[in-house]
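The values are calculated or read from the model by the stated rules, or taken from the named source; none is laboratory data. Values in this document were obtained by computation on a predicted structure and should not be read as measured data. Reconstructed Cβ throughout: ideal geometry from the backbone, glycine too, with neighbour counts over all protein chains shown. In case anyone asks, the SASA skips ligands and DNA or RNA and just uses the protein heavy atoms, side chains included. Shrake-Rupley method; radii C 1.70, N 1.55, O 1.52, S 1.80 Å.
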Amino acid sequence: MRHLLFFAALALTATPLSASAEEPDTQAFPGQAAVTHLEALRADAPGSPSDAVEWSPRVTLPWTGGTRVRVEQQILGLPVDAGDLVVSLSPAGTVLEVTGTPVEGVLMELSPLLEASDAEEQAVDMVTAMFGGEGTLWPPRSEQVVRLDPQGQPQLAWRVDLSIAEPLGI
């Protein structure tokens, strides 16, 4: 269900190509062609994303109209949570569409507001309260990421993964 909502959100943010964008090398690996196109957009756009933003192709998916490449955005080497872009390429390697929004802000605060252990404790407390304190969780795992605030500005955050060892709330 989460994946369906994610793709529905991406479909709503589809952006047409800029006529001024330089075409990537059509002979390049599709992932590299997608990144080349994003870099060309950054160079051409006023107020473009910072050079601290990097793009890494993660998944290349062939389809009847060409290829789709899922590209992860990173700021200072940290992944942007829920910030993937999808670049659609024609069979010849021409970019047809970029879905998603490239990060445009600069990471101002270089240290998180919480320590990882505090974020993990809050996540465990929240999940435990939701299910009435029954059951058992495996120890949480956390990863530092960049999240976008409601104004689209990047902020450091912790992504906490909790797994159930015994059923909760039963």
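Evaluation of W158 against the conditions (1) exposed (fewer than 12 other Cβ atoms within 10 Å of the Cβ); (2) aromatic (F, W, Y); (3) modelled with pLDDT of 90 or more shows that the sole unmet condition is (1).
Of all the numbered requirements in (1) closer than 30 Å to A43 by Cβ; (2) within 16 Å of the chain's Cα centre (by Cα); (3) open to solvent by 50 Å² or more (accessible area, probe 1.4 Å), M108 misses one, and that requirement is (2).
Restrict the check to the range 116-124 and report whether at least one residue is under 30 Å from I164 (Cα atoms), buried (at least 18 other Cβ atoms within 10 Å of the Cβ) and of a type in the set (D, E, K, R). Taking every residue of the range 116-124 in turn, at least one turns out to be under 30 Å from I164 (Cα atoms), buried (at least 18 other Cβ atoms within 10 Å of the Cβ) and of a type in the set (D, E, K, R).
Looking only at residues of the range 91-119 that are of a type in the set (A, V, I, L, M) and closer than 17 Å to D149 by Cβ, we find that the one that is modelled with the highest pLDDT is A119. Considering only the range 125-150, state which residues are of a type in the set (V, I, T) and open to solvent by 40 Å² or more (accessible area, probe 1.4 Å). Selection gives T128, T136. The condition (being at pLDDT 90 or above, open to solvent by less than 30 Å² (accessible area, probe 1.4 Å), over 23 Å from V160 (Cα atoms) and part of a strand (DSSP E or B)) is satisfied by just one residue among S88, S56: S88.
For the range 102-131, name all the residues that are in a loop (DSSP other than H, G, I, E, B), touching a Leu at 6+ places or on another chain (Cβ under 8 Å) and of a type outside the set (A, V, I, L, M, F, W, C). Break it down stepwise before answering.
Quick first cut of the range 102-131, residues in a loop (DSSP other than H, G, I, E, B) only: 102-115, 131.
Now drop any that are not touching a Leu at 6+ places or on another chain (Cβ under 8 Å), which leaves 102-103, 105, 107, 109-113, 131.
Hits for the range 102-131 are P102, G105, E109, S111, P112.
Considering the conditions (1) within 20 Å of I75 (Cβ to Cβ); (2) among the aliphatic types (A, V, I, L, M); (3) without any contact (Cβ under 8 Å) to a residue 60 or more places away in the chain, V127 is excluded by exactly one of them, (1).
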